[in-house]
Amino acid sequence: MATDYDEVRPDVKESQEKSLGAVQSANAPGARSVTLELDEADGLDGAGVPGGEFIMEELNVQVIPQADDEFTCYSCFLVRHRSQIARQQGTHAYCTDCEA
């Protein structure tokens with residue numbers, strides 16, 4: 001017996017015949033119940049915070065300006081040594097990692 005491979009499979013045909021009303025009447029949660037659940041989850045006081053608890057401490061970071069023998073790659077925006085310049089186009093320099 002010959003098989004028609006272009007014919008729609010029976011299981012796909014059944015799913016296409018479902019009406020929008022049948023899909024909407026399924027047991028899907030309403031938008032208000034989902035919003036209410038999310039609001040309740042916000043008040044857990046950090047019980048499920050990955051990595052432990054919050055520490056209220058100010059971080060002090062020393063910013064070192066770019067040296068004369070360094071450049072900022074125009075592709076990855078990392079500061080690199082001038083020996084890692086692979087290509088320059090005008091004022092834009094690209095590092096060897098981005099050009100590889």
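A few points about this structure:
- For the stretch 72-100, the set of residues classified as of a type outside the set (Gly, Ala, Ser) and surrounded by 15 or more Cβ atoms within 10 Å (Cβ to Cβ) consists of 73, 74, 80, 84, 85, 94, 95, 98, listed by residue number.
- The single condition among (1) surrounded by 10 or more Cβ atoms within 10 Å (Cβ to Cβ); (2) aromatic (Phe, Trp, Tyr); (3) modelled with pLDDT under 90 that residue 54 does not satisfy is (1).
The values are calculated or read from the model by the stated rules, or taken from the named source; none is laboratory data. These figures come from a predicted structure and were not determined experimentally. FYI the Cβ positions are ideal-geometry reconstructions off the backbone, even for glycines, and counts take in every protein chain you see.
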